[in-house]
Amino acid sequence: MARIDLFEMERMQSLYWHRVEVDLSESGVVPMTIRELLEPEADAEAFLATALGYPLSEGAEETRAAVASFYPGASAEHVTLCNGGSEANLLVLWTLLEPGDRLAFMVPNYLQGWGLGRHFGEATDTFGLRREGDRWALDLEALERAVTPRTKAVMVCNPNNPTGAVLTEAEMEAVIEVADRVGAWIVADEIYRGAELAGEAVTPTFFGRAERVVVTSGLSKAFGMPGLRSGWVVAPPELIREVWVRHDYTTLTPSAISDRLTGLALRPEVRERILARTRGIVRANLPVVLDWVGEHRDVLSLIPPVAGAICYLSYELELEARALAERLRTERSVLVVPAEMFGVAERAFRIGFGDRPERLRDGLERIGKLLAELS
Ligand SMILES: Cc1ncc(COP(=O)(O)O)c(C=O)c1O
């Protein structure tokens, strides 16, 4: 049997998220309804008129143009639609990695890329984000060590899951320079882009900054529509064609509903409305988390996230993160994700804070009680 690691976080979530009273393992915001999305009457009509035939494999031209408008310099030919950001990552890494190739991979991170690097290539080499004062910084020395002439791709998650960190311009340039030195591709998973916690600016994209850049993303996080299973790849047209070759072996096309709704959602004026909704949620909820962390500062510490509805809490207790998460689930019926499931063995865990404030408070209170008991 071909080697593939169990994707631990996804397995843990699918086993337990619906069996706990409070799920703080979710990394998105309260999902949008189709009604909310289709507020203008004309959009509702357009949606109802969608024929449920096979869509184009890469998605409708109109949809791809709308997606491209989120990436300066991109046009429809740079975009292909997929079923979720996860299919986008799968197809891209399948396309880029051959046996013997190595993937350099940022941690902590959503470990799909880590597992796929080991599956399609020879190995995955990690480089870290590290705590530097009040921000997460790119560990440049670790990046330089991880990228060798056998590295075929460097994968980053920006904004990062689980920390909510965003790379500076200088750090983005450093990633590009180190990758360019060995002719490696950059794969940037930007699925949290647009959910910034302060200011008006959207996180800069990697797209267009160098020749060999692929961006993966979708509607599941910053756009609040994970159930639509809409994702995309943005890349040079030659690479898009290679991705298509693989797409013909996986799901053939996006669903017709996802194609239509993605096209409606990504038009600039609608996109702004959706992202404003997301920012409203995360900006209202973050202070709840920060106050709570303040109440437990003897045990907990947090570098506040810059984007996304997620944060990564460090704690000082004997108990390891996996064991702490297990006790939170079994004794307090609250689900969090331990650090090990992001590729780092340390005393830390991720919570999502994009849910309704009363549920968030309930979950935090449950965690606080166990922490108090253990300290
Ligand atoms: C960084 C990152 N990429 C991709 C995904 C998967 O996205 P989707 O649900 O659109 O397949 C996730 C889900 O948690 C994620 O955190």
Percent of Cα-Cα distances greater than 11 Å, calculated over the stretch 334-375: 68 percent
Binning at 10 angstrom from zero up to the longest distance, how are the C-alpha pair distances of the stretch 49-270 distributed in percent? 9, 36, 36, 16, 3, 0
Estimated D of the stretch 136-233 in µm² per second, where Rh is the Kirkwood radius over Cα pairs and Stokes-Einstein applies at 4 °C, 1.567 mPa s: 92 µm²/s
Rounded to the nearest whole Å², what accessible area per residue is found for the chain with the 1.4 Å probe? 42 Å²
Any chance you could get the radius of gyration and Dmax over the Cα atoms of the stretch 223-375, in Å? 19.7, 57
In the chain the accessible area split gives carbon plus sulfur, as whole percent at 1.4 Å, a share of 53 percent
Could you tell me what fraction of 2.2 N^0.38 Å the Cα radius of gyration of the stretch 1-73 comes to, as a two-decimal ratio? 1.67
If each K or R counts +1 and each D or E counts -1, the residues other than residue 209 whose Cβ falls under 11 Å of its Cβ total -4
Output needed: percent of Cα pairs per 10 Å distance bin for the chain, bins running from 0 to the one holding the longest distance. 5, 25, 33, 26, 10, 1
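Express the relative contact order of the stretch 175-308 as a whole percentage, based on alpha carbon pairs under 8 Å and six or more residues apart in sequence.
Computed value for the stretch 175-308: 27 percent relative contact order.
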Inter-centroid distance (Cα atoms) of the stretch 243-258 relative to the stretch 131-169, Å: 30 Å
Report the net charge of residues surrounding residue 99, where surrounding means a beta-carbon distance below 12 angstrom and charges are Lys +1, Arg +1, Asp -1, Glu -1. +2
Over the chain, what relative contact order in percent results from Cα pairs under 8 Å that are six or more residues apart? 25 percent
In whole percent, what relative contact order does the stretch 234-375 give with Cα contacts below 8 Å and a gap of six or more residues? 20 percent
All other residues with a Cβ under 15 Å from the Cβ of residue 47 taken together, and with Lys, Arg as +1 and Asp, Glu as -1, what is their net charge? -4
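The values are calculated or read from the model by the stated rules, or taken from the named source; none is laboratory data. Computed from a predicted structure; not experimentally measured. Because the Cβ atoms are built from the backbone with ideal geometry, glycine has one as well, and the counts that use them run over all protein chains shown. Heads up: the accessible areas ignore ligands, DNA and RNA and are worked out on the full protein's heavy atoms, side chains in. Shrake-Rupley method; radii C 1.70, N 1.55, O 1.52, S 1.80 Å.
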